[in-house]
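The structure under discussion appears below in the form of structure tokens.
The values are calculated or read from the model by the stated rules, or taken from the named source; none is laboratory data. Fair warning: this is a prediction, and the values are worked out from it, not measured in the lab. Here Cβ is always computed from backbone atoms with ideal geometry, including for glycine, and neighbour counts include all displayed protein chains. We work out accessible area using only protein heavy atoms, side chains counted, and drop any ligands, DNA or RNA first. Shrake-Rupley method; radii C 1.70, N 1.55, O 1.52, S 1.80 Å.
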Amino acid sequence: MYNPVDPKEKNDIVVLAIESSCDETACAIVKNGREVLASTIATQIEIHKRFGGVVPEIASRNHTMAIETVVNETIEKSGLSIKNIDAIAVTYGAGLLGALLVGVNYAKGLAYAYNKPLYGISHIRGHIAANYIGTDLKPPYLCLLASGGHTAVLNVKSYTEIEALASSKDDAAGEAFDKVARVLSLPYPGGPEIEKLAKQGKANIEMPCPSFTDKDELWFSFSGIKTFVINYAHKLEQKGEEMIREDVAASFQEAAVTQLFNTTLNAAKRTGVKDIAIAGGVSANLCLRSRFDSLKGQGYNIYYPQLKYCTDNAAMIGAEAYYAIKSGKEMSPLSLDAKATVPLK
Ligand code: KG4
Ligand code: ZN
């Protein structure tokens, strides 16, 4: 039977991580949580584009076809052999069950065949940990997590302890980008497309954005902006007027970024925490990054992942696994199951 990694016994910990929660089949080899020795991402975006979103069954099939090549290619690129790997980490949730199962089962197979300890890792925590790669970020800090499935401001008190300070009452930020993109006839995934189109437009349409007094509970809401855009498009259509898509994209992006920024800044002021990280697919948005950059002269330190580690990847899972191991997380049994939703803890 394989043994857990004892962090006290090892100077360096090398993790082979697998991620297959949605439409990217990914593997990475990460040393000590911060150094990526190799990373491979096989994306299915082109396959799902024609359906306007991810089709779960098709995603699972394509993970099955890709996973072996992706893992082998990653090991080859790292110049290591499986013998040099200390642990196998895998995203066990949150995500599409069928898609997750492909990665989880492959990881179990590797752990069993090569006698390596297995660690089931949360996708959400992985996104946050993407900020450790190549940086000196250490808890405590605040993290704005904005992905296709989650939007929250998290107080990362230690590598293991995370408290939610604000979360979305309805849609996630990335989901809103994707839905508004559809109204604008842009392909999936909508976030990068809206960002591109917005560059040619003016943010001259006022869209709903929550505001808070000092004592209010903090939250996000994106369904209001989405509905606004749908109604706006319908009204123009009824009047026979043309919609200036560039301006709608710029105005939507402005409203979404303002909301993400304001709620996070409010949380930062309340907690007094000066280190702020952003994470998840939406953290790739340059308009969002530049808004946070504006805080740099005001005593705040701003962190975001390298662009390639903002959207789904396995390096972030390897980074999170390292800190989980260092913090004494128990290894997972070979009966580890995939979960569609997972708690933050
Ligand atoms: O983190 P992620 O890859 O997957 C989830 O865990 O959900 O996030 C995907 C989301 C999609 O909704 C996508 O439209 C959005 O992130 N996204 C962006 C950008 N790049 C990806 N949103 C805004 N601007 C971007 N540049
Ligand atoms: Zn993700």
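Of the residues A152, A181, A166, the single one that is in a helix (DSSP H, G or I) and open to solvent by less than 40 Å² (accessible area, probe 1.4 Å) is A181. Selection of first residues in region 262-289 that are under 17 Å from I124 (Cβ atoms) and of second residues that are open to solvent by less than 30 Å² (accessible area, probe 1.4 Å) and among the charged types (D, E, K, R), restricted to Cβ pairs under 8 Å at least 6 apart or on distinct chains, gives the following pairs, ordered by first then second residue: I278/R289; G281/D312; S283/R289.
To keep it simple, each residue is scored yes or no on (1) at pLDDT below 95; (2) assigned to a helix (DSSP H, G or I); (3) touching a strand residue (DSSP E or B) at 6+ places or on another chain (Cβ under 6 Å); (4) charged (D, E, K, R).
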position	(1), (2), (3), (4)
V229	no, yes, no, no
E237	yes, yes, no, yes
E242	yes, no, no, yes
D247	no, yes, no, yes
F252	no, yes, no, no
A255	no, yes, no, no
T264	no, yes, yes, no
I278	no, no, yes, no
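State whether one or more residues within region 118-136 are farther than 25 Å from S332 by Cα and within 16 Å of ligand 2 (Cβ to nearest atom). Within region 118-136, none of the residues are farther than 25 Å from S332 by Cα and within 16 Å of ligand 2 (Cβ to nearest atom). Summed over region 261-308, the residues that are within 10 Å of ligand 1 (Cβ to nearest atom) and either of a type in the set (G, A, S) or exposed (fewer than 15 other Cβ atoms within 10 Å of the Cβ) (or both) give a count of 7.
Given the condition open to solvent by less than 20 Å² (accessible area, probe 1.4 Å), in a loop (DSSP other than H, G, I, E, B) and more than 16 Å from ligand 2 (Cβ to nearest atom), answer yes or no: does some residue in region 40-54 qualify?
no
For region 69-85, taking the residues that are free of Cβ contacts under 8 Å to residues at least 40 places away in the same chain and among the hydroxyl-bearing types (S, T, Y), the one that is surrounded by the most Cβ atoms within 10 Å (Cβ to Cβ) is identified as T69. Does A59 fit the bill of being within 16 Å of ligand 1 (Cβ to nearest atom) and not assigned by TED's automatic domain parsing to the domain that holds V36? In short, no. Taking the condition of a type in the set (D, E), buried (at least 22 other Cβ atoms within 10 Å of the Cβ) and either modelled with pLDDT of 95 or more or in a loop (DSSP other than H, G, I, E, B) (or both), does E330 pass? So E330 does not fit the description; no. Of the residues screened, S122 is not one that is at pLDDT 95 or above and surrounded by fewer than 21 Cβ atoms within 10 Å (Cβ to Cβ). Tell me, please, whether a residue that is within 11 Å of ligand 1 (Cβ to nearest atom), within 15 Å of the chain's Cα centre (by Cα) and aromatic (F, W, Y) can be found in region 177-187. Within region 177-187, one or more residues are within 11 Å of ligand 1 (Cβ to nearest atom), within 15 Å of the chain's Cα centre (by Cα) and aromatic (F, W, Y).
In the set (1) within 20 Å of N285 (Cα to Cα); (2) more than 10 Å from ligand 1 (Cβ to nearest atom), the condition left unmet by A198 is number (2).
Per the listing G103, G98, G109, the residue uniquely open to solvent by less than 10 Å² (accessible area, probe 1.4 Å) and either at pLDDT 95 or above or assigned to a loop (DSSP other than H, G, I, E, B) (or both) is G103.
Is there a residue being farther than 23 Å from G280 by Cβ and in contact (Cβ under 8 Å) with a residue 60 or more places away in the chain anywhere in region 48-55? The answer is no, given that none of the residues of region 48-55 is farther than 23 Å from G280 by Cβ and in contact (Cβ under 8 Å) with a residue 60 or more places away in the chain. Inclusion of K157 among residues that are more than 21 Å from G318 (Cβ to Cβ), basic (K, R), touching a strand residue (DSSP E or B) at 6+ places or on another chain (Cβ under 7 Å) and free of Cβ contacts under 8 Å to residues at least 60 places away in the same chain is warranted.
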